[in-house]
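The values are calculated or read from the model by the stated rules, or taken from the named source; none is laboratory data. Fair warning: this is a prediction, and the values are worked out from it, not measured in the lab. Neighbour counts are summed over all protein chains in view; Cβ atoms, including those assigned to glycine, are modelled from backbone coordinates with ideal geometry. Side chains included, ligands, DNA and RNA excluded: accessible areas come from the protein's heavy atoms. Shrake-Rupley method; radii C 1.70, N 1.55, O 1.52, S 1.80 Å.
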Amino acid sequence: MNEELEKKLNEALEGIKGQIKDFEKSAGEKSAGQYKELETKMSDLQKQIEDGLKAADNSQEVKDSLEKMQDHLDKLDIKLQKSGSVKGIVKTMDEEVKAKFEEKAVQDAIAELKNNRASSVPFEIKAPATMVLGSYVGNALTTEIDRVISAAPNRMPLFRNIVNVSTIRGNKVTWVNKEAQEGTAGMTAEGAKKSQISWTYTEESADVKKITAFVKVSKEALDDLDFLRSEINTDLREAIEIKLDEQISDGDGVGQNLKGILQYAPTFAVTGTSFDKTVFNANRLDVLRAAVALVKKNRFNPNYIVISPMDAALMDLEKGTDGHYILPPFVTADGQRIAGVVVIENEAIDEGSFLVGDFTKSNLRIREEININLGYENDDFTKNLVTILAEMRAVHYIKKHHIPAFLQGTFAAAITAINKPETV
């Protein structure tokens, strides 16, 4: 790749950055048109970068430059999707599935399955920036039969929407930690020996893991695309999203499991701090205020507090001895912020527990978005069954020096730790 072409690609990248800024400020039909135009430009640039990376005559220096462009493009793609979601332009998951079923290649492959011929129907679904879990209800039928299967509701996925999300092209992510600083900066007289500082470095890595789920439907169900969409949306997509969310929060990192935030996060402890048994008549709100301070003391900026809906309600209902509701000065009137940190209610955290942290330090890297495949498996052909398979690949990690950005604990233990004993 010559310098002229490299310059051209960089100019295209800078142009896309500028257009995304304009897009974020615009609204309505104008934004929809800009979104489509930007998607096309980004796709064209993506292809040129990929061709450059595959070219055998390019030097390592050129390939490093192209990889940097690719990284910028990936981040811009995520930024564009988030902006489009806010403006209502990015498709919901159901719209993504519907659009795929309308593609001729998918319809032809389904027709092959109907005719008892070996076939596979693969397609990838790009997840929206904000997950939507509403089930697809289908069309009303003249027979007045309700085809919607009643199932127990799942909790809303949470963590993908608040952690640091990006893409990854390999099967492993590796990073370097700076360790063991020796020496410090110092004041130096003229002509005297300067102050030397040195470090050692350690390397860490995390592997991409796969999440899968499948359902089986009758071959006759292929005639009802609305039903297939419902199966994909309710049974498969929700299962994949919930499992990913569980893995981000508390996967144990063993075997095929991701390592989740709760496996990294230190436990709330105040020994040796100003909070050690110094808070009069301590309660849950006091605990969370102390937790925010402890994370800040570790030189991080917490942006979310995650608690159970039950604990949130108990905090709202807490009253003084005379029956009035308690609202500390560090809590907003609606209870949605404590010391400026947003409070999220979600069952991902057990009742009686809490998680506070700077969630930008929790890294989710997507290797492969949710992919859907329809096909025959084993003796499905003789049973007139078709398998619908969904899978995705991802990795989650928190770097060693970012672990103190999080804090977890139970309210009971934390209240005991900070509560000032009554004196007789």
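Counting only protein heavy atoms, what percent of the accessible surface of segment 201-270 is carbon or sulfur at a 1.4 Å probe?
Solvent-exposed carbon and sulfur of segment 201-270 make up 45 percent of the total.
Which sequence of E377, E220 reflects their accessible areas, 1.4 Å probe, from the largest down?
Descending accessible area places them as E220, E377.
Could you tell me which of rounded, prolate or oblate describes segment 176-248, using a ≥ b ≥ c as the square roots of the eigenvalues of the alpha-carbon gyration tensor, with rounded for a/c under 1.5 and, failing that, prolate when a/b is larger than b/c and oblate otherwise?
Prolate, because a/c is 1.5 or more and a/b exceeds b/c.
Hey, if we sort D380, D334 by accessible area with the 1.4 Å probe, largest down, what's the order? Intermediate results must be reported in sequence, preceding the final value.
Numbers: D380 5, D334 95 Å².
Putting D380, D334 in descending order of accessible area: D334, D380.
Counting only C-alpha contacts under 8 Å and six or more residues apart, can you give the relative contact order of segment 197-297 as a whole percent?
Numbers: 52 pairs, mean separation 16.2, N = 101.
Value for segment 197-297: 16 percent.
Under 8 Å for C-alpha pairs, at least 6 residues apart: give me the relative contact order for segment 337-413, rounded to a whole percent.
40 percent
How much net charge surrounds S274 when only the other residues with a Cβ under 15 Å from the Cβ of S274 are counted, with Lys and Arg +1 and Asp and Glu -1? Could the numbers behind the result be given before it?
Details: positive: K277, R289, K296, K297, K420; negative: D276, D286.
Once all neighbours under 15 Å are counted, the net charge is +3.
With the alpha-carbon atoms as the only input, what is the per residue convex hull volume for segment 314-424 in Å³?
Numbers: hull volume 26.5 nm³, N = 111.
So the per-residue hull volume is 239 Å³.
Please say if segment 216-326 is rounded, prolate or oblate, where rounded means a/c under 1.5 for a ≥ b ≥ c the square roots of the C-alpha gyration tensor eigenvalues, and otherwise the choice is prolate for a/b larger than b/c and oblate otherwise?
Verdict is oblate for segment 216-326.
Can you tell me the relative contact order of segment 355-394? Whole percent, Cα pairs under 8 Å, sequence separation 6 or more.
46 percent
Taking R0 as 30 Å, what's the FRET efficiency between F280 and R155 from their Cβ-Cβ distance, rounded to 0.05?
It comes out at approximately 0.25.
If Lys and Arg each add +1 and Asp and Glu each add -1, what is the summed charge of the other residues whose beta carbon sits under 9 Å from the beta carbon of T202?
So the surrounding residues net to -1.
Keeping all protein chains in place, calculate the accessible area per residue for segment 279-410 (probe 1.4 angstrom), answer in Å².
46 Å²
Return the subset of K296/K420; K17/K297; K277/K319 for which the Cα-Cα distance in this structure is over 25 Å, preserving the input order.
Correct reply: K17/K297.
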